[in-house]
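Report on the following structure.
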Amino acid sequence: MFRTFGPNEFWYIVLAVQWTLLLSAVAFAGGALGGIAIALGRVSPVKPLRYGALAFIRVFQGTPLLMQLFLVFFGLNIFGVGINPWVAAAVALTLHASAYLGEIWRGCIEAVPSGQSEASWALGLGYRDRMTHIVLPQAAKISVAPTVGFLVQLIKGTSLASIIGFVELTRAGQIINNATFQPLTVFSLVAALYFILCWPLSLWARHLEGRFAVATAR
Amino acid sequence: QTPSEIQGRGTVNIGLLVDFPPFGILDEAGNPDGYDADVARLLAEDMGVELNLVPVTGPNRIPYLVSNQVDILVASLGITPERAEQVDFSDPYAGIEIFVFGDADLEVTGPEGLSGQNIAVARASTQDTSITEIAPDDANIQRFDDDASAVQALLSGQTPLMGASNVVISQINTMAPDQFDTKFSLRQQSQAIAVRPGSDELLAYINDFLGRVKEDGSLNALHEEWVGGPLPEFVISGQ
Amino acid sequence: MDYQFNFAPVINNFDQLIYGALITIQLSFGAILIGTLIAVPCAAAKTAGIRPLAWLVNIYIEVIRNTPFLVQIFFIYFSLPALGIRFDPNTAALVALSVNVGAYATEIVRAGIESINRGQVEAGKALGLKGYQIFRYIIFKPAIRTIYPALTSQFIYLMLTSSVVSAISATDLAAAGNNIQATTFAAFEVYLVITVMYFILSLGFSGLFSAIGRSAFRYPLAR
Amino acid sequence: MTTNAEHNAGNAAVEMVGVDKWYGSFHALNSIDLTVARGEKIVVCGPSGSGKSTLIRCINQLEIVQKGTITVDGIELTAGAKNVEAVRRDVGMVFQQFNLFPHMTVLENCMLAPRKVRGVTREDAEATARKYLERVRIPEQADKYPAQLSGGQQQRVAIARALCMNPKIMLFDEPTSALDPEMVNEVLDTMIDLAREGMTMLVVTHEMGFARKVADRVIFMDKGEIVEVGEPESFFSNPQNERTKTFLGQIAH
Amino acid sequence: MTTNAEHNAGNAAVEMVGVDKWYGSFHALNSIDLTVARGEKIVVCGPSGSGKSTLIRCINQLEIVQKGTITVDGIELTAGAKNVEAVRRDVGMVFQQFNLFPHMTVLENCMLAPRKVRGVTREDAEATARKYLERVRIPEQADKYPAQLSGGQQQRVAIARALCMNPKIMLFDEPTSALDPEMVNEVLDTMIDLAREGMTMLVVTHEMGFARKVADRVIFMDKGEIVEVGEPESFFSNPQNERTKTFLGQIAH
Ligand SMILES: Nc1ncnc2c1ncn2[C@@H]1O[C@H](COP(=O)(O)OP(=O)(O)OP(=O)(O)O)[C@@H](O)[C@H]1O
Ligand SMILES: Nc1ncnc2c1ncn2[C@@H]1O[C@H](COP(=O)(O)OP(=O)(O)OP(=O)(O)O)[C@@H](O)[C@H]1O
Ligand SMILES: [Mg+2]
Ligand SMILES: [Mg+2]
């Protein structure tokens, strides 16, 4: 049953990147929707919304992603959805991403000068118009760099889905390692693949940050 | 759950491990394979339904079953009283004997020899429970998420000993001949197919199926193919 | 929802959870300490622009920050023995956590150093202080103060990350939970309690850090 | 020229009665009474922190007062949120920092509120916007972004943007003090034009030349109170209050 | 009073010969020759960007020059790192932005360098620090933190801190220009005291009153060059150079 590490094993690991990417994409899409809701809640004039959003952030930033994965994984069962690593990983990562993106985007919304909101009020614009036409477009610009930065964290976070049995990059590495017993090769390859995914994003985020700093310095 | 229900649906969902060679593995194309997979195929064929193999892991296989994600587990599940409270077991379809296994130059002949040693086991496996029972207080049992990690710990020299089945042992011996040897036997473990509690009709069907395939030698053929030997006597006679 | 909650297994094994939590605390504080000891000189080397050193520090930071912790810890525990480097699980966990937090903290501390007004350095030079004295007596404390919030949230994040080390059989809080879960099958209940325990730990950490911050940085800031 | 006594509430553009405003424990406005007639131009001056901005920001409820009543164009402001929106539609405001929307062109800046608040069609909004950009003498800048304009041009866009809502009253909070000296006059000229056309205006400014030229009344504030009110002639040449005298002495240099 | 010609290198506190300094391609100091006698007080003035700060920062090597020699108290600066440290110990500097260490009390600010650089004991360092805090007339502030002091008090601490190293020469770079007007005099008075005691001083300042009172010579710089040097009397009343004239005209308002 033992195999040596050959091209098949190599490609098995490399192709698992697609699952890491897919999971990251799903989590990011879900996190973006959740994050915008959380961010708007945090800056909402309605007190219960503010506190609700704050509590959400506190809980999800105050507990390990791994535990969130386990809880969702085994908790889905209780709500009769059944245990499915795909659903569990997607839900847990979405909640996780919502909390972090929500907090990041709240900062960006608050970074839009208050004069912009005042001008909108003075023109008689309501909450919706002020947010959609004035505040959010400007916050979006500021948010690109930290959002890309968070994407790196999210991609790395998907590795934890391996612990609940989801076969993505890390899990693929484990499976091959269990069959070949060449951990140095296997985990070097896995680490290298993550690095190839994440590093360009990190560089891009830093580049955007620098450009933004220049733009605001003027 | 009854056989007719499953037959009405036309598909049976069977959970199995994919990281437990040679019982459950992934073939080169990444599909489940191994002894368990072949037994599952045999069973599905017998029932006349489509087979849907669902990969599960050691820690989550029982939750999978009880939460209706799979109908049947053919997942190298060893029969234990604790598990019997959660699931209903069929007659044995496979069996392993588990040993303390490790570095050839280490002299260990019984539980007292574990004193002061690191022993790798898969968390909550039969090895884990039996070693935990017999090991002296100062033995250090290191629990990993799966068997493979424990083997890895032994091979990488992180622990000198591990709890392992005869199957795993024979594989390690082909990998690294003469480096390790068997220290002492812990217990014989029969593995059974599991269904949700109360699925008596289904269980009866499976037992009948097992009786037939044991009788006609097809189960033994699979065992020869995958594990490299005939079905152990305690499996054939075990009820 | 016909699920019967059963917290008895958790309550019966609570001593294991407490023991695991203590290991988590030890691992976290150990890693914070070692990570800081890594970060400060690395950040100093980077800001001082000492060429080959700054390069090495950069490689270290980029590799750690762009690979998952889980892969790092597998690498350290399973792969390093092939090179003759061998740690027991808890030590491996400590090493991995320290190396990990060291990389993040380096970037944070560097930002702190760079935030210090050049005038402070010049005043130190003008008084005849040497390079390392300027760093030690003039830059260090104000730099740490500016980045203290970022640094401490990184530390809390580290504590939460440490839940992954059970994968190499370290005996932290998550491992204690996994063990109880694996024998009692009360998975949801076990993880719920553990999650609450982690939450309490993170509240405790943040309370502790802000108390330390208050007593360490008593000097007033310019208006 | 009119004096305070002549204004009655009926045709008043703004009426403030017994208005008090606190920020926490800080008393920012202290029992303010003020009536502004339709078409009247008022200049507000006073030392920094005296409450000038607070005063005019209360008129369109950018600040909420704790005591007293404010009536704008016959609508009682303190009576509810509906009224606040109604009033904001009718009161234009120009800020010291312009507060143009940087991600929209000049034209889009001017068209946004009419379309979203008044529901005007795109064509009508554009026609109105172009008309007012003409009026502030920068029709050719319509498709530029704010960052591409000089400070004086930006402030004129801000004025045009407010005018596009057809306001009955215009508020100006130090509209020229963030401008380089050479641009101050182009903005003041625009405001003078506006005053000539009969717009009701409240202007916080220290441009005394402007005050002399267009103000019906000059209001001097200090420590949250209206200390002195007068017609510009007498206000500048013969201030009554000690604080006014010191202040005028300082800014006259 | 002395003139430039009378100073010879032997007893000079500072001697700069043919000093040139570039920032990249920007020529910040252009063949500067300057000799400062022991005990002499020099005031440096000139328009912004003319190189005043650069000039005095070269004296304690906060800026490194590309050409020429600088000798301070007989020590040739450009000859090596050891010399730089020796010189910095003997040259005190006071910055426009004070640059006090915010995390140390006033006393600790004053004690740091004597203890770490000169190896003085804690007790001696404290005694010296208290002596100089007395001298700059803020002994009672010893245990406060910089952020708790007014600008004038902070600058006096900065002077005391420099004095605690017993420097032979004091450099001041616009020591009063970051201060509120009411605090300027308290700092100037401290500097006048110091001048009376015979300290060698180079002061970049536009406080012409101070220059008249204490300067032996006033140096006017423009575009990196020393354009005019003179005794204060003649320098102010009868400047020779055109640029000096314009400049004095501007700051005299
Ligand atoms: N949001 C706020 N919170 C607390 N205090 C405030 C707030 N806004 C203004 N103040 C205080 O209220 C007082 C009046 O402020 P206001 O802005 O009306 O003064 P001003 O006359 O416009 O001064 P300036 O000429 O500087 O613009 C000031 O002392 C200010 O500090
Ligand atoms: N680090 C630097 N890099 C590049 N150019 C510099 C640097 N420091 C100073 N300069 C330039 O050198 C010239 C002289 O600077 P310096 O600070 O000596 O002028 P200054 O006379 O002190 O002016 P100010 O009155 O504004 O302080 C200026 O034009 C400045 O822009
Ligand atoms: Mg104001
Ligand atoms: Mg200067």
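Quick look at the values:
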item: Two-decimal log10 I(q)/I(0) for chain A, as the Debye equation yields it once each C-alpha is a single scatterer, q = 0.07, 0.13, 0.18 Å⁻¹; result: -0.29, -0.84, -1.25
item: Normalised convex hull volume, the range C:63-188, alpha-carbon set, Å³ per residue; result: 136 Å³
item: Distance violations [Cα-Cα > 24 Å] among C:141/E:144; E:213/E:245; D:168/D:213; E:168/E:223; D:21/D:245; result: E:168/E:223; D:21/D:245
item: Of B:156, B:49, B:23, farthest towards positive along the dipole that unit charges on Lys, Arg, Asp, Glu beta carbons give the range B:6-156; result: B:49
item: For chain A, with +1 on Lys and Arg beta carbons and -1 on Asp and Glu, the positive-most of A:95, A:8, A:167 along the dipole; result: A:95
item: Rg/Rh ratio calculated on Cα atoms of the range A:4-63 (Kirkwood radius); result: 1.34
item: Relative packing of B:115-121, D:159-165, A:117-123, which averages over residues the other C-beta atoms within 10 Å, highest first; result: D:159-165, A:117-123, B:115-121
item: Neighbourhood net charge (10 Å Cβ-Cβ; Lys/Arg +1, Asp/Glu -1) for residue B:196; result: -2
item: Taking D:248, D:55 and counting other C-beta atoms within 10 Å, the order from fewest to most; result: D:248, D:55
item: Peptide-level mean, for C:192-204, of C-beta atoms on other protein chains within 10 Å; result: 4
item: The range C:92-136 residues near the modelled residue C:216 label - backbone nitrogen below 13 Å, point 7 Å along Cα→Cβ; result: C:109
item: Using alpha carbons only: equivalent-ellipsoid semi-axes of the range A:27-98, gyration tensor based, whole Å; result: 24, 12, 11
item: Share of Cα-Cα pairs in the range D:211-253 lying beyond 16 Å, as whole percent; result: 31 percent
item: Cα-based radius of gyration of chain B once divided by 2.2 N^0.38 Å, which approximates compact folds; result: 1.02
item: Residues residue C:11 and residue E:143, FRET efficiency given R0 of 41 Å [Cβ-Cβ distance, rounded to 0.05]; result: 0.15
item: Value in Å of the Kirkwood radius, where the range B:122-239 supplies the Cα pairs that are averaged; result: 16.7 Å
item: Enclosed volume per residue, in Å³, of the convex hull spanned by Cα atoms of the range C:39-118; result: 91 Å³
item: Rg/Rh (Cα only; Kirkwood hydrodynamic radius) as it applies to the range D:17-162; result: 1.01
item: Overall dimensions of the range A:108-152 as given by Cα atoms, namely Rg and Dmax in Å; result: 12.1, 41
item: For the range D:95-201: rounded, prolate or oblate by the Cα gyration tensor [a/c cutoff 1.5]; result: oblate
item: For the range A:47-143, alpha-carbon Rg relative to the globular expectation (2.2 N^0.38 Å, N residues); result: 1.42
item: Given charges at beta-carbon only (K, R positive; D, E negative), |dipole| of chain E in Debye; result: 500 debye
item: Pair residue C:118, residue B:68: separation of 7 Å Cα→Cβ label points (nm); result: 7.0 nm
item: Calculated SAXS-style log₁₀ I(q)/I(0) at q = 0.09 Å⁻¹ - chain D, Debye, Cα scatterers; result: -0.39
item: For residues of C:56-67, the mean tally of beta carbons on other chains within 10 Å; result: 4
item: Net charge contributed by nearby residues that have their C-beta within less than 11 Å of residue D:244 (K/R +1, D/E -1); result: -1
item: Quotient of Cα Rg and 2.2 N^0.38 Å for the range C:125-201, N being how many residues it contains; result: 1.84
item: Three principal axis lengths of the range D:144-215 [C-alpha, angstrom, descending]; result: 32, 28, 17
item: In Å, descending, principal axis extents of the Cα set of the protein assembly as shown; result: 123, 88, 50
item: Dipole magnitude of the protein assembly as shown, debye to nearest 20 (Cβ charges: Lys/Arg +1, Asp/Glu -1, about Cα centre); result: 4560 debye
item: Cα-only Debye scattering, the range B:42-125: base-10 log of I(q)/I(0) at q = 0.11, 0.14, 0.17, 0.21 Å⁻¹; result: -0.48, -0.68, -0.87, -1.11
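The numbers here are math on the coordinates, done by the rules we state, and not lab data. As the structure is a computational prediction, the values presented were derived from the model and not from experiment. When we count neighbours, we look across all protein chains shown, and the Cβ atoms used for this are built from the backbone with ideal geometry, even at glycine.
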